[in-house]
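The values are calculated or read from the model by the stated rules, or taken from the named source; none is laboratory data. Bear in mind that the values here come from a model prediction, so they are computed numbers and not experimental data. Reconstructed Cβ throughout: ideal geometry from the backbone, glycine too, with neighbour counts over all protein chains shown.
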């Protein structure tokens, strides 16, 4: 019997994590096919049983931009710095929608997937990663919508004051920061909601309020100088301002603020991983 046991070999041995900061890069790479499967599921299933289907990917930002234009530009008379209002709001919504949707979905990681987690083993971090990656596909579609609108005003409406800047090259960096912020915030809230369900409702309310202090609607240049530091504490502000500065020639580009957003993102992800790994050990006993 001892000889038989000594000759047994295993393809994979599942062990508890020895460190809260153990991300498990090797395991994530081993389960990359599952990650891609979740990405496809999140992207395809979103509008699978709708009448318009994928067309909603294009209509959603356009409808939101039109509503914002009517409410904030025509009724509230808010200044969009000589940029056509619909283009201004569409630019802010392109990045903001990605951030808010990824944050909302990632925050429900443990609660929405408790049945799968209780039956099958795989690195739990794959779920929030799949949400972040599938959101990028939707972001790409909405960015194309923005480019179409941007091209119209840039090439055919010369009085639109659309002047692209060299900071347009920072677009991939902006996407990286937004993805990191949504992932970091998301895994933190997903860890907390395993014990405190009320946080889910608080988060939805907080995201709606956060949009108004993220340069999506109100340009940072329109904020009185003595209050700008409060807005700059929001790491999303520097990202959206840089995006508008690069593509529209408006907004305030500040390299220090952008570095602040990047450092904030790194620290946020580290804290998130710490809480996520800690919650992963006992979440089945609490959800």
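Take region 176-205 and flag every residue that is closer than 17 Å to residue 257 by Cβ and buried (at least 17 other Cβ atoms within 10 Å of the Cβ). Let's see the steps before the verdict.
Filtering region 176-205 down to residues closer than 17 Å to residue 257 by Cβ leaves 176-178, 180-181.
Matches in region 176-205: 177, 178, 180, 181.
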Point to revise | Matching residues in region 256-279 - criterion: being more than 21 Å from the chain's Cα centre (by Cα) and under 26 Å from residue 91 (Cα atoms) | key: 256
Check your understanding: Do we have any residue at all in region 133-149 that's out of contact with any helix residue (DSSP H, G or I) (no Cβ under 6 Å at 6 or more places or on another chain), assigned to a helix (DSSP H, G or I), touching a residue at least 24 places away in the same chain (Cβ under 8 Å) and within 20 Å of residue 200 (Cβ to Cβ)?
Key -> no
Exercise for review: Could you grab me the full set of residues in region 222-261 that are more than 19 Å from residue 166 (Cα to Cα), free of Cβ contacts under 8 Å to residues at least 24 places away in the same chain and touching a helix residue (DSSP H, G or I) at 6+ places or on another chain (Cβ under 7 Å)?
Suggested key: 223, 228, 231
Exercise for review: Would you check if residue 208 is more than 21 Å from residue 146 (Cα to Cα), surrounded by fewer than 20 Cβ atoms within 10 Å (Cβ to Cβ) and touching a residue at least 60 places away in the same chain (Cβ under 8 Å)?
Suggested key: no
Practice item. Could you name every one of the helices (runs of 4 or more DSSP H) located completely within region 1-113 that has at least 1 residues being within 24 Å of the chain's Cα centre (by Cα) and modelled with pLDDT under 80? Key: 25-30, 32-45, 55-68, 109-112
Review point. Among the listed residues 215, 191, which satisfies the condition of being under 18 Å from the mean Cα position of the chain (by Cα), farther than 25 Å from residue 129 by Cβ and at pLDDT below 90?
Key: 215
